[in-house]
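The values are calculated or read from the model by the stated rules, or taken from the named source; none is laboratory data. The structure displayed is predicted, hence computed values, not measured ones. Cβ sites come from the backbone with ideal geometry, for glycine too, and all protein chains shown count toward neighbours. These accessible areas exclude ligands, DNA and RNA; they are computed on the full protein's heavy atoms, side chains included. Shrake-Rupley method; radii C 1.70, N 1.55, O 1.52, S 1.80 Å.
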Amino acid sequence: MKSKILREITPLTQSDCFTLFAREKKVFDFPLHYHDEFELNFIQHARGARRIIGDHIEEIGDLELVLVGPNLQHGWFSDEHNGGIVREITIQFHRDLFDDKFLQRNQMNFIKNMFERSLRGILFSTETTQQIMPRLIRLPQQQGFDSVLELMSILHDLSISRNMRILSDSTFGNTETFSYNSRRVARIMTYLNANYDKNISLGEAARLAAMTEVAFSRFFKAKIGKTFVDTLIEIRLGHASRLLIETTHTVNEIAYKCGFNNISNFNRIFKKKKDCTPKEFRLAYTSSGTRTFI
């Protein structure tokens, strides 16, 4: 993969609560990237590797736990790491997993504040990481609602922990919020996630929002930060990524199942958005660790 800032389209769908990727590896080979989701990243045995979060750059120790907010660029790079086996557990979850009204409740105040600070990246103390580590390691063995409750419990304990450190001095103009704050946009996103495999037009979406196509295009871009077409493509690629990981369907079958009617166009867009081919993506995810969707 090339060295550049990559917009990652995760295989997390709107039906999922979170995804967890546990793996062991010798090098950090994923480029500097960002994505719409929150990411909690635990790393062990990577002393000497370099962490980049926003405008923050630092060499890491033997143990670390970082929470990265939506669309904040981040990455870990081998640098002075001696090449031993690194353990990594990555948890990603949607920004709207915790509804705005839910976060306003008294008992959620610490988590709400932590999410706001994560827009600049948070490094938790070694003591906190040591306490949370066994629970993160056990999390892939839990299932269903129990795993969701455990993730919420972990996030709560992190939010009240001491000596957490904000990493980035700036947010790169990051004014992200954790929900769409618009019933119209929420309705459109629900429609796109339910019908991504069909032939969806801008006109259909505009009619659903009771707006003209021109007005809807401007409104949607202002609310989401991306065009309607780019948003639809990213939803389709997210589902395609999920099928590449979880199924043995051919690339052609997956392309058509996710609304791409031309396999060449699918391969070209996938390569452009993810900086690798669908086959390379499948190999990277299925050969290097365990991916769990809850």
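With the cut-off at 1.5 for a/c, could you classify segment 172-294 from its C-alpha gyration tensor as rounded, prolate or oblate?
The shape class here is prolate.
Which percent of the accessible heavy-atom area of segment 1-137 goes to carbon and sulfur, probe 1.4 angstrom? Don't jump to the answer; show the numbers that get you there.
Working: 2640 of 5850 Å².
Ligands and nucleic acids excluded, carbon and sulfur reach 45 percent.
Hey, with R₀ at 45 Å, roughly what FRET efficiency would M152 and N261 work out to, going by the Cβ-Cβ distance, to 0.05?
After rounding to 0.05, the efficiency reads 0.65.
Can you tell me the relative contact order of the chain? Whole percent, Cα pairs under 8 Å, sequence separation 6 or more. Walk me through the intermediate numbers first.
Details: 498 pairs, mean separation 67.0, N = 294.
Relative CO of the chain lands at 23 percent.
Using the heavy atoms of the protein chains and a 1.4 angstrom probe, tell me the accessible area per residue for segment 73-116 in square angstrom.
Computed with neighbouring chains in place, this is 52 Å² per residue.
Which listed residue (H239, V66, N195) has the Cα farthest towards the positive end of the charge dipole for the chain, taking +1 on Lys and Arg C-beta and -1 on Asp and Glu C-beta about the Cα centre?
N195
In nanometres, what is the gap between the two model label sites at N252 and S201, each 7 Å from Cα along Cα-to-Cβ?
2.9 nm
Taking segment 1-110, how many lysine pairs are there with alpha carbons less than 23 Å apart, if each pair must be eight or more places apart or span two chains? Numbers along the way, then the final one.
Numbers: K2/K25; K2/K26; K4/K25; K4/K26.
Lysine pairs meeting the criterion: 4.
Size of the dipole of the chain about the Cα centre, Lys and Arg at +1 and Asp and Glu at -1 on the beta carbon, nothing else charged, in debye to 20?
The calculated dipole for the chain is roughly 820 debye.
Which one, (i) 43; (ii) 36; (iii) 39, gives percent of Cα pairs over 27 Å apart as derived from the coordinates shown?
Recomputing percent of Cα pairs over 27 Å apart here picks out (i).
If the elastic network links every pair of Cα atoms under 10 Å, which of L208, L32, L151 fluctuates the most in the Gaussian network model of the chain?
L208
Suppose the chain between Q107 and I160 were pulled fully straight at 0.36 nm per residue; how much longer would it get relative to their current alpha carbon spacing?
Gain on stretching Q107 to I160: 18.0 nm.
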